[in-house]
Amino acid sequence: MRHWLGNTLRGLCMGAADVIPGVSGGTIALILGIYPRLIDAVGGLGTRLLRRVGSRSFWRLLGAGARDPQQLSEDRAGEDAGRVLFLVFLAAGVLPAIAVGARILPPLLSLYPAQMRALFLGLVLASVTVPLRAMRSGGLSRWLPGLGAAIVTAWFVGLPQPTSERATGRVLLEFAEPTAAEVYVTPQNLILHAPGDGSRPALAFTPVGSTPVPAGSAGIEVAVIAGMAGAAGNVPAGSIREVEGPVADLHVSQPEALGGGRDPALAYLLLGGVLAISAMALPGISGSFVLLLLGLYHYVLYTLSLAIYHQDAGAILTAGALAAAMAAGLLTFARVLKRMFARWHDPTLAVLVGLMLGSLRKLWPFTRYTEEGREVATLPSLGDPDVVTVTLLFVAGVGAVLLLDALGRRAPRG
């Protein structure tokens, strides 16, 4: 049993990584030495195993193997039982970690966007060393696919994200005292919240773009947009009651309902789930980051939180459909990935490195917004109070991966 509990602890690490748009569960599996076994176990699931599940002898073998792995026979039945036990105990760690992450991450992402990006930037940058170290040779031809992947990824993540499915509206900001000098409210320094209740989690909103507040102003009307796609952002008047901004003693009122938010199409959501789980299986690419690029990350986290902690029937059905799509995608992609690594080991890893390096553009923590509301990267301004915390979290992200890598090398292989 101690052997299998070790896999549950590995699953906890993988689940925590899967829900963060930085390090993939595949990277953690590679660091902890169970990646080849994971791909073999998932790739070994099929009709033959389903036939065995219907037999009593197979369940007896599972029970004996759960108590003592040495009891597993060396024939095909024993191999299948070992695969099932490995995946079951791994899932026992992955699933709770994802559930906790769905509860904790959304408020952190809305309250500290620059700091969380810095953390993810450090995680991804340090994780590049994992596929690099796994490469068997370093010929120039090996890097051409990786260079192409880096260029395409950097271009793709630089495209403006669509906002047509996010709720919009207007709020009134009131200042306790007239502003002494001109200030700007931007998506970086102004965050608004509609507090959660027993039926739904809290929702975050930001300004659509940068809005100047002239000196001497007692208040201003600001156009706002929901932090995620979905009909959940269509909140009634008076829902937005909390605000954090660049001016002290700032108060907010929402005279009208927000509207225009639409849930992503089910087909698009399922496609995103398949792509995300495929990325999670790769040592280097985060499935959560794929969801972030597709504009689905916040919506998926919100749906999981709604299903797990609020027992919303619609969210449960959506989460179930997403889980089914992910399971189908994982079973299919694991077989493809196994063949890719067997035939094109180094080129496949080079593409992973390119994808990771190209995606760093999306994680740069210092940004500004144009008049059209488009987010562009910029350098931090002198005296920016966020520079210290952003730097510390970047270093923490790098250190976390390096520490986990060092511990993984010393841990017994699973």
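The values are calculated or read from the model by the stated rules, or taken from the named source; none is laboratory data. Note that this is a predicted model, so its numbers are computed, not measured. When we count neighbours, we look across all protein chains shown, and the Cβ atoms used for this are built from the backbone with ideal geometry, even at glycine. When the accessible area is computed, the model is the full protein with side chains, heavy atoms only, and any ligands, DNA or RNA have been set aside. Shrake-Rupley method; radii C 1.70, N 1.55, O 1.52, S 1.80 Å.
Against the test of being more than 29 Å from the chain's Cα centre (by Cα) and either outside any loop (DSSP other than H, G, I, E, B) or not aromatic (Phe, Trp, Tyr) (or both), the options Ile225, Ile240, Ile220 yield a single qualifying residue, Ile220. Considering the conditions (1) more than 30 Å from Asp405 (Cβ to Cβ); (2) not in a loop (DSSP other than H, G, I, E, B), Asp263 is excluded by exactly one of them, (2). Candidates Gly101, Gly78, Gly63, Gly93: the one that is at pLDDT below 75 and of a type outside the set (A, V, I, L, M) is Gly78. When each of Leu132, Leu109, Leu90 is tested for being closer than 14 Å to Ile20 by Cβ and assigned to a helix (DSSP H, G or I), the lone residue that passes is Leu109.
If you go through the range 122-132 one residue at a time, do you hit one that is surrounded by fewer than 15 Cβ atoms within 10 Å (Cβ to Cβ), of a type in the set (Gly, Ala, Ser) and either over 21 Å from the mean Cα position of the chain (by Cα) or under 25 Å from Asp405 (Cβ atoms) (or both)? Checking the range 122-132: not a single residue is surrounded by fewer than 15 Cβ atoms within 10 Å (Cβ to Cβ), of a type in the set (Gly, Ala, Ser) and either over 21 Å from the mean Cα position of the chain (by Cα) or under 25 Å from Asp405 (Cβ atoms) (or both). Taken over the range 327-344, the criterion of being under 29 Å from Leu125 (Cβ atoms), modelled with pLDDT of 80 or more and either open to solvent by less than 40 Å² (accessible area, probe 1.4 Å) or of a type in the set (S, T, N, Q) (or both) is satisfied by Gly329 alone.
In the range 190-207, which residues are surrounded by fewer than 17 Cβ atoms within 10 Å (Cβ to Cβ) and in a loop (DSSP other than H, G, I, E, B)? If the condition is that a residue be surrounded by fewer than 17 Cβ atoms within 10 Å (Cβ to Cβ) and in a loop (DSSP other than H, G, I, E, B), then Pro195, Gly196, Gly198, Ser199, Ala202 are the ones that fit. Would you confirm whether any residue within the range 174-183 is under 20 Å from Glu256 (Cβ atoms) and in contact with a helix residue (DSSP H, G or I) (Cβ under 7 Å, 6 or more places away or on another chain)? No, the range 174-183 contains no residue that is under 20 Å from Glu256 (Cβ atoms) and in contact with a helix residue (DSSP H, G or I) (Cβ under 7 Å, 6 or more places away or on another chain).
One line per residue, one yes/no per condition, for (1) within 27 Å of Thr211 (Cα to Cα); (2) assigned to a helix (DSSP H, G or I); (3) at pLDDT 90 or above; (4) not hydrophobic (A, V, I, L, M, F, W, C):
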| site | (1), (2), (3), (4) |
| --- | --- |
| Val252 | yes, no, yes, no |
| Pro283 | no, no, no, yes |
| Gly295 | yes, no, no, yes |
| Tyr302 | no, yes, no, yes |
| Ser305 | no, yes, no, yes |
| Ile308 | no, yes, no, no |
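Screening Ser217 against (1) of a type in the set (Ser, Thr, Tyr); (2) open to solvent by less than 70 Å² (accessible area, probe 1.4 Å); (3) touching a helix residue (DSSP H, G or I) at 6+ places or on another chain (Cβ under 8 Å); (4) at pLDDT 75 or above leaves a single unmet condition, (3).
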